[in-house]
Amino acid sequence: MENKGVAVVLAAGEGTRMNSELPKVCHRCFGEPMIKHVERGLKISGFSEITVVVGSGRERVEELLDSQVKRAVQEEQLGTGDALRAALEKIEISDDIPLVVTCGDVPGVRPSTYGRLLDNFSSSPTELTLLTTEVDDPTGYGRIVTENDSVIKIVEEKDATSREKEIKTVNTGIMCGRAGTFRDRLPELSADNAAGEYYLTDLVELLVDEGRTVDTQVVEDEWEVRGVNTRRQLVQFEREGYQKQVERAFENGVTVHDPDRVKIGPWVELGSDVELENEVTLWGETKLGRGCRFIGPVFAYNAEFGQDNFVRRSYVNNASFGDRVRIGPYCNVRPETEIDSDVRLGNFVEIKASRIDSDTNVSHLAYVGNAEIGQNSNLGAGTITCNYDGYEKHRTVIGNDVFIGSNCELVAPVEVETGAMIGAGSTITEDVPSFSLALSRAKQVTKQDWVTETWKPRKKEENDQ
Ligand code: UD1
Ligand code: MG
């Protein structure tokens with residue numbers, strides 16, 4: 001996707017209401033800091049430029065941001081209007097470019113909502129389009145005040161009259177206007193209000209007073225644009241998000257056996273006939289193809305599974321799998337791992353930064369790190385790639401149709417070529433050519449009758465002491 005706007009995320013606030021040393025936008029929901037959800041939504045929506053305004057705890061926020069995302073610093077937290085001013089000082093775009101302002105504490109916004117906001121703004125003769133929603137309890141939100149169905153101003157909770165407080169149409173904190181409008185008007189804001197802050201929302205009254213129109217775009221699902229200011233709100237937002245995802249999953253032909261014991265994050269995609277047993281957590285941009293069956297506890301983050309994968313009691317982080325892969329129980333699949341179809345990763349197997357081609361088995365108790373393994377090979381129980389020499393990581397390359405017996409160490413860098421065999425209990429330090437057998441273990445010594453002739457069991461009384 002690509003759109004014609006630029007985006008600014010306000011994320012410099014301290015988040016006093018979280019009562020935390022961590023800046024508010026770093027608090028996690030669905031396993032990731034709020035700011036990451038906002039960043040992902042804007043990226044998928046296709047903004048050509050994204051600028052995040054940082055201030056309070058800026059190092060903690062900045063280290064979370066993608067390298068392509070620009071940062072602007074608001075030295076003192078003087079309000080949302082001042083935060084946008086700080087961003088505009090950093091952004092070099094012409095006045096005509098539409099600019100979407102959003103907040104780091106509104107993590108549920110879908111990419112399509114930003115797209116629609118830009119389209120609506122660009123196709124109507126408005127000066128500003130506000131994203132609004134209707135809520136049962138508007139406490140804490142800026143209220144959208146209208147006269148004859150036209151927006152005249154936004155009034156913040158702290159400044160609202162008791163009549164205004166009854167308004168249930170609220171400001172989501174997200175709006176779109178031309179960059180030039182913001183540049184020209186922000187200096188006119190005053191901090192003469194209950195909070196003593198430069199409110200971005202005061203822009204509305206300024207424009208309306210000059211005869212300009214301000215439009216709204218209503219978001220039907222209030223959850224999507226909910227602002228998170230307290231820990232209670234964070235957890236409530238998260239819980240409702242999970243509930244929504246389960247409902248969506250049911251509609252898409254997915255069985256979630258106990259909705260209270262399965263967590264499906266908002267960016268997860270599930271194919272039809274997926275079946276999720278209890279204690280499955282799917283976070284980030286995880287995808288499950290048709291017919292996958294997961295038996296928890298399973299945790300998957302940014303993982304892509306093809307069709308008909310069967311996963312039991314395992315942990316998967318940033319990895320991809322073909323079709324019909326069997327994983328676990330007790331498998332730990334770590335980042336940069338690529339597994340092809342019909343592979344079997346059995347119990348107590350750890351895999352990291354490796355590629356395994358189709359039909360290969362790593363069935364028990366193995367560590368595979370920085371390795372490339374071909375098709376139809378077999379790694380016996382206890383196979384270990386010794387990839388680290390204390391300074392650097394080295395690669396292990398294993399070809400197709402290789403058979404590695406149990407309890408072998410492969411000291412990298414090392415290559416085991418197509419069709420080779422390695423005897424159980426070997427420590428392999430040199431390359432093994434195709435179709436050869438490598439053995440590296442001490443020859444067995446058997447001493448007949450040694451036990452009865454030389455070894456006497458101790459008496460029972462001695463053993464008891
Ligand atoms: C704001 C809006 C309110 C809206 C609500 C929606 C204003 C004045 N109020 O209120 O109308 O209904 O969001 O959730 O805009 N920030 C800065 N610098 C600052 C202050 C805030 O960057 O000096 C950032 C915060 O980090 C946050 C965002 O702006 O991500 C919104 O600030 P917050 O204090 O949460 O405003 P609300 O009271 O929620
Ligand atoms: Mg807020």
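Some observations on this one:
- Residue that is nearest to Glu166 (Cα to Cα), among those in region 136-151 that are surrounded by 10 or more Cβ atoms within 10 Å (Cβ to Cβ) and more than 10 Å from ligand 1 (Cβ to nearest atom): Val145
- Residue within region 128-144 that is assigned by TED's automatic domain parsing to the domain that holds Ser45, among the acidic types (Asp, Glu) and over 23 Å from Glu224 (Cβ atoms) present: no
- Listed by position, the strands (runs of 3 or more DSSP E) contained in region 145-227 that have at least 3 residues being within 16 Å of ligand 2 (Cβ to nearest atom) are 169-178.
- Region 372-384: number of residues that are under 19 Å from Ser314 (Cβ atoms) and either among the aromatic types (Phe, Trp, Tyr) or crowded, with 20+ Cβ neighbours inside 10 Å (or both): 3
- As a summary of the residue check, Lys43 satisfies the conditions (1) part of a loop (DSSP other than H, G, I, E, B); (2) buried (at least 16 other Cβ atoms within 10 Å of the Cβ) except for the one numbered (1).
- No other residue among Glu63, Glu92 is of a type in the set (D, E, K, R) and either near ligand 1 (Cβ under 10 Å from one of its atoms) or at pLDDT below 95 (or both) apart from Glu92.
- Subset of region 186-214 [open to solvent by less than 60 Å² (accessible area, probe 1.4 Å) and closer than 18 Å to Thr102 by Cα]: Leu186, Tyr199, Leu200, Thr201, Asp202, Leu203, Val204, Val214
- Residue check for Val411: under 17 Å from Ala366 (Cα atoms) and either in the same structural domain as Ile356 (by TED's automatic domain parsing) or in contact with a Leu (Cβ under 7 Å, 6 or more places away or on another chain) (or both): yes
- Residues that are open to solvent by 40 Å² or more (accessible area, probe 1.4 Å) number at least 3 in the following strands (runs of 3 or more DSSP E) confined to region 242-354: 344-352.
- Residue in region 61-108 that is farthest from ligand 2 (Cβ to nearest atom), counting only those that are among the hydroxyl-bearing types (Ser, Thr, Tyr) and over 26 Å from the mean Cα position of the chain (by Cα): Ser94
- Per-region count, region 1-26, residues open to solvent by less than 20 Å² (accessible area, probe 1.4 Å), more than 21 Å from Arg85 (Cα to Cα) and within 14 Å of ligand 2 (Cβ to nearest atom): 1
- Some residue of region 57-67 being surrounded by fewer than 18 Cβ atoms within 10 Å (Cβ to Cβ), in contact (Cβ under 8 Å) with a residue 40 or more places away in the chain and over 18 Å from Glu2 (Cα atoms): no
- Within region 228-244, residues that are outside the structural domain of Gly104 (by TED's automatic domain parsing) and more than 25 Å from Glu21 (Cβ to Cβ) reach partners that are of a type in the set (A, V, I, L, M, F, W, C) and open to solvent by less than 60 Å² (accessible area, probe 1.4 Å) with beta carbons closer than 6 Å, at six or more positions or on different chains, in the pairs Glu240/Trp223.
- Checked against the criterion of being acidic (Asp, Glu), farther than 22 Å from Thr113 by Cα and in the same structural domain as Thr102 (by TED's automatic domain parsing), the candidates Glu49, Glu62 yield just one match: Glu62.
- For beta carbons closer than 6 Å, sequence separation of 6+ or different chains, a first residue in region 127-151 that is more than 25 Å from Gly180 (Cβ to Cβ) and of a type in the set (A, V, I, L, M) and a second that is open to solvent by less than 40 Å² (accessible area, probe 1.4 Å) and at pLDDT 95 or above, the qualifying pairs are Val135/Val170; Val145/Val155.
Okay, residues lined up against (1) over 30 Å from Leu22 (Cα atoms); (2) in contact with a strand residue (DSSP E or B) (Cβ under 7 Å, 6 or more places away or on another chain):
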residue	(1), (2)
Asp192	no, no
Tyr198	no, no
Glu205	yes, yes
Val214	yes, yes
Glu251	yes, no
Pro259	yes, no
Trp267	no, no
Leu270	yes, yes
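- Here Tyr114 fulfils each of the conditions (1) open to solvent by 20 Å² or more (accessible area, probe 1.4 Å); (2) more than 16 Å from ligand 2 (Cβ to nearest atom) apart from (1).
The values are calculated or read from the model by the stated rules, or taken from the named source; none is laboratory data. Just so it is clear, the structure is predicted and the values come from calculations on it, not from any experiment. Here Cβ is always computed from backbone atoms with ideal geometry, including for glycine, and neighbour counts include all displayed protein chains. Surface accessibility is based on the protein's heavy atoms, side chains included, excluding ligands, DNA and RNA. Shrake-Rupley method; radii C 1.70, N 1.55, O 1.52, S 1.80 Å.
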